[in-house]
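The values are calculated or read from the model by the stated rules, or taken from the named source; none is laboratory data. Note that the structure is predicted; figures quoted are calculated from it, not measured. For accessibility, only protein heavy atoms count, side chains too; no ligands or nucleic acids. Shrake-Rupley method; radii C 1.70, N 1.55, O 1.52, S 1.80 Å.
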Amino acid sequence: MAEAGTGFLEQLKSCIVWSWTYLWTLWFFIMLFLVYILRVPLKINDNLSTVSMFLNTLTPKFYVALTGTSSLISGLILIFEWWYFRKYGTSFIEQVSVSHLRPLLGGVDSSAPSAASAAGGDADSSRQSVSECKVWRNPLNLFRGAEYNRYTWVTGREPLTYYDMNLSAQDHQTFFTCDTDHLRPADAIMQKAWRERNPQARISAAHEALELNECATAYILLAEEEATTIVEAEKLFKQALKAGEGCYRRSQQLQHHGAQYEAQHRRDTNVLVYIKRRLAMCARKLGRTREAVKMMRDLMKEFPLLSMFNIHENLLEALLELQAYADVQAVLAKYDDISLPKSATICYTAALLKARAVSDKFSPEAASRRGLSTAEMNAVEAIHRAVEFNPHVPKYLLEMKSLILPPEHILKRGDSEAIAYAFFHLQHWKRVEGALNLLHCTWEGTFRMIPYPLEKGHLFYPYPICTETADRELLPSFHEVSVYPKKELPFFILFTAGLCSFTAMLALLTHQFPELMGVFAKAFLSTLFAPLNFVMEKVESILPSSLWHQLTRI
């Protein structure tokens, strides 16, 4: 019985909602009819005559003040709406309407899916959205002391945001600490140092740990933050390598003796991989590119399962510097797989290799006359594929947008990833003759192939909507974040802008030409109410004059 009563109430509620949703015009005409029936006892005609007399006695100064005040209020609303839209990417009035007014009117909240849909396809799409908006460690991140801090000394700007540095601190605590650190004094000091926000306090703690023992993580911190040149950082990383290898060998022998030893060995493995990767990056920055390539290949062979560091992206960049395009193709064949998470480095490097085969002889005029050859079609499709994955990259490669130092973390398919890719790979595109020309001629054609408004992607999943928010957290405030797709101005911003301009114009005209605007206003109002007066006359001619008295008698 209770279930039947609940079902009846739900049906009744749905019927009421349906009536208010679709039969509002009927309610409106019913209300108009009642107002007409009650016009005599309510003295509507007398009230209207009084109002019209009052309006006729008003001076033009009143209308100037009225329109000026309306223009001021609508202008303030416009300024607030524009600020809110620039900050949050949506209209405040629309958000309030959807969040508060729509549930009161019986609307369904699309953000609360049913239990069946949550267990089905909606859950898969939500998981995909969360995974696409995950922030990743930048595999080509710079050194804080030798590169980021030097930029700050020269420009006075901070290239890293607090959010980005906080993510790095969390990464360091995850990779470089374990539960048994409190048993070793030097590691216990470093465990606190990674949590310290003040850079000088971290550096002091690292020196304190080195006074107690040869601590690999202490050398890592000093190489990253205290060293002011890449040469100094490389020396410290070599000392860290010596200490890290010793810890790794000892923990490797004891890893099967218990869970604590296994966690310590995992920590020592992460430390060793990080040191070797950074040493390879130091060699690459110092011009010893072949040595860097060898170190990266050896590291990938020694630890093939540690894909979290994305060492193959470092290897791709170094091989492109050597112009070893066959080796680059071999690496792409291994990592450009559908089961692996894509990156701008993989997609745009694949496009660069295919563009290299045709770019030196490519001419848009000749291609328009004879059509594209098979190789040119493959190159164009590869560019379209790369642009669909990350549409922000071409503007940086074509130098239509200025570059900044890449952050320590990136958002795949976002502006932060585009900056990180273009910062290191722009030189490789310039080295291939005609590659940037081919990109310039073809990249915008991608957007004609992607469904709008992006309900589903063409070659990849639909472009995530969370990239702008995450990129604003990762990138410094002086950088103008690239947004895709471009947000259209909300209706209420356009409406308030038009209202503000219109009322301001009326105020100005009323002030300058009061008599003429008075004549115009009366003519406008008479024209506006002419259809209503016509309908009222027809209704009065059809209905008997004594209808109200007959209804009262009944």
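Laid out as a table, the results:
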{"read-out": "Global geometry of region 147-309, whether rounded, prolate or oblate, following the gyration tensor of its Cα atoms and the 1.5 cut on a/c", "value": "oblate"}
{"read-out": "Residues of region 147-309: accessible area per residue with a 1.4 Å probe, Å²", "value": "54 Å²"}
{"read-out": "Global form of region 230-333, assessed from the alpha-carbon gyration tensor, a/c cut-off 1.5", "value": "oblate"}
{"read-out": "Area accessible to solvent at K276, 1.4 Å probe radius, in Å²", "value": "50 Å²"}
{"read-out": "Amide H partners (placed H, <5 Å) of H409, local residues excluded", "value": "N138"}
